1. Evaluate the range 84-102: report whether one residue or more is in contact with a Pro (Cβ under 8 Å, 6 or more places away or on another chain), of a type in the set (Lys, Arg) and open to solvent by less than 60 Å² (accessible area, probe 1.4 Å).
2. Can you tell me which residue among Ile150, Ile130 is under 25 Å from the mean Cα position of the chain (by Cα) and either closer than 19 Å to Tyr239 by Cβ or surrounded by 15 or more Cβ atoms within 10 Å (Cβ to Cβ) (or both)?
3. Which residue out of Glu41, Glu57, Glu53 is farther than 18 Å from Lys113 by Cβ, modelled with pLDDT of 90 or more and surrounded by 12 or more Cβ atoms within 10 Å (Cβ to Cβ)?
4. What are the pairs, 6+ residues apart or on separate chains, where a residue within the range 17-30 that is closer than 8 Å to Ser46 by Cα and assigned to a helix (DSSP H, G or I) has its Cβ under 7 Å from a residue that is open to solvent by less than 70 Å² (accessible area, probe 1.4 Å) and modelled with pLDDT of 90 or more?
5. Kindly indicate the residue of the range 153-170 that is under 17 Å from Glu240 (Cβ atoms) and touching a residue at least 24 places away in the same chain (Cβ under 8 Å) and also most open to solvent (accessible area, probe 1.4 Å) among those meeting that condition.
6. Could you check the range 223-241 and list, in sequence order, the residues that are part of a loop (DSSP other than H, G, I, E, B) and more than 18 Å from Asn161 (Cα to Cα)?
7. Determine the pairs where a residue that is part of a loop (DSSP other than H, G, I, E, B), located within the range 63-76, has a partner that is open to solvent by 60 Å² or more (accessible area, probe 1.4 Å) with Cβ atoms under 7 Å apart, the partner being 6 or more residues away or on another chain.
8. For the range 223-241, name all the residues that are open to solvent by 40 Å² or more (accessible area, probe 1.4 Å) and not hydrophobic (A, V, I, L, M, F, W, C).
Amino acid sequence: FFATSRYEEQLIMMEKTSPMITIFQAMLDHVYIVKDDYTIEFMNDSMVKDFGEAKGEKCYQLLNQNVEVCPWCRAKEVFGGGTIRREIYFPKIDKTFYVLEMPLKNPDGTILKLCVCRDITQRKKREEKIKSSEADYKRLFENVGCGVYISSKEGKFLNANKALLTMLGYENKEEFLKIDIKKDLYLKVQDRRTFQEMIEREGQVINYEVDFKRKDGTPIVIMLTSHVLYDSQGDVVGYEG
């Protein structure tokens with residue numbers, strides 16, 4: 001609703017009626033209106049609650065505690081008739097908002113800038129937490145002392161860490177990802193079939209002892225712990241471990 005043209009149409013319709021201020025006051029989103037000299041003409045109660053009353057002040061003083069126009073300001077585009085949607089972080093209150101900025105025409109023909117700000121701080125924090133978790137996982141994947149891999153069901157490695165490459169005598173990951181797991185990794189081809197039967201029956205294998213071979217063909221005994229990867233339909237598409 002917030003970012004649709006229907007919402008903009010409703011705002012344009014409200015220009016022709018004067019109860020729009022009442023509607024703005026009822027909104028949970030922050031709403032403020034500024035003149036072309038950056039003076040704040042209106043703030044709804046939600047905006048005042050977060051930022052404090054600042055009607056008559058310059059918007060850049062309120063939003064960024066600045067004596068100059070905010071570095072992210074695009075007011076000229078709005079006063080020229082443009083509509084802008086973007087995310088803006090306001091350090092004064094340590095919150096991030098999705099902001100809709102659009103021109104609002106006065107009965108006398110002058111143009112104001114209407115800003116509607118939706119608080120997306122919690123969503124951004126969740127996104128940052130996910131990114132942090134992904135970064136932690138990547139560091140663990142790359143730096144853990146044992147070999148770690150992700151492979152397809154058909155028998156190709158999709159990713160592998162440095163420890164696994166070193167263990168198996170490969171220096172180049174690109175080369176390693178091209179090998180045929182059944183023929184180039186397992187010393188005995190039937191052990192690959194046994195592994196697949198076990199893991200797809202149980203969903204995992206734990207401490208499965210099996211003979212692999214290094215790049216130069218020399219055998220190496222490894223202890224394999226893995227689990228299956230499913231697609232959205234619940235079908236097995238690969239393994240990791």
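1. Initially, the range 84-102 is screened for residues in contact with a Pro (Cβ under 8 Å, 6 or more places away or on another chain), giving none.
The answer is no, given that none of the residues of the range 84-102 is in contact with a Pro (Cβ under 8 Å, 6 or more places away or on another chain), of a type in the set (Lys, Arg) and open to solvent by less than 60 Å² (accessible area, probe 1.4 Å).
2. Working: Ile130 fails: either closer than 19 Å to Tyr239 by Cβ or surrounded by 15 or more Cβ atoms within 10 Å (Cβ to Cβ) (or both).
Just a single option satisfies the conditions, and that option is Ile150.
3. Numbers: Glu41 fails: farther than 18 Å from Lys113 by Cβ; Glu57 fails: farther than 18 Å from Lys113 by Cβ.
Sole residue among the options that is farther than 18 Å from Lys113 by Cβ, modelled with pLDDT of 90 or more and surrounded by 12 or more Cβ atoms within 10 Å (Cβ to Cβ): Glu53.
4. Sorted first by the residue in the range 17-30, then by its partner, the pairs are Gln25/Asn44.
5. As a first pass, look at the range 153-170 and keep what is under 17 Å from Glu240 (Cβ atoms): 153-165, 167-168.
Filter once more, keeping what is touching a residue at least 24 places away in the same chain (Cβ under 8 Å): 153, 155-158, 167-168.
Details: Lys153: 75, Gly155: 5, Lys156: 86, Phe157: 14, Leu158: 106, Met167: 65, Leu168: 1 Å².
Among those residues, the one meeting the criterion is Leu158.
6. So the first thing to find is which residues in the range 223-241 are part of a loop (DSSP other than H, G, I, E, B), and the list is 231-235, 241.
Answer for the range 223-241, where residues must be part of a loop (DSSP other than H, G, I, E, B) and more than 18 Å from Asn161 (Cα to Cα): Asp231, Ser232, Gln233, Gly234, Asp235.
7. So the pair list comes out as Gln65/Lys92.
8. Initially, the range 223-241 is screened for residues open to solvent by 40 Å² or more (accessible area, probe 1.4 Å), giving 223, 225, 227, 229-235, 237, 240.
Correct list: Thr225, His227, Tyr230, Asp231, Ser232, Gln233, Gly234, Asp235, Glu240.
The values are calculated or read from the model by the stated rules, or taken from the named source; none is laboratory data. Computed from a predicted model, the values in this text were never measured in an experiment. Cβ: placed from backbone, ideal geometry, glycine included. Neighbour counts: every protein chain shown. Remember, those area values only see protein heavy atoms, side chains included, never the ligands or the DNA or RNA. Shrake-Rupley method; radii C 1.70, N 1.55, O 1.52, S 1.80 Å.
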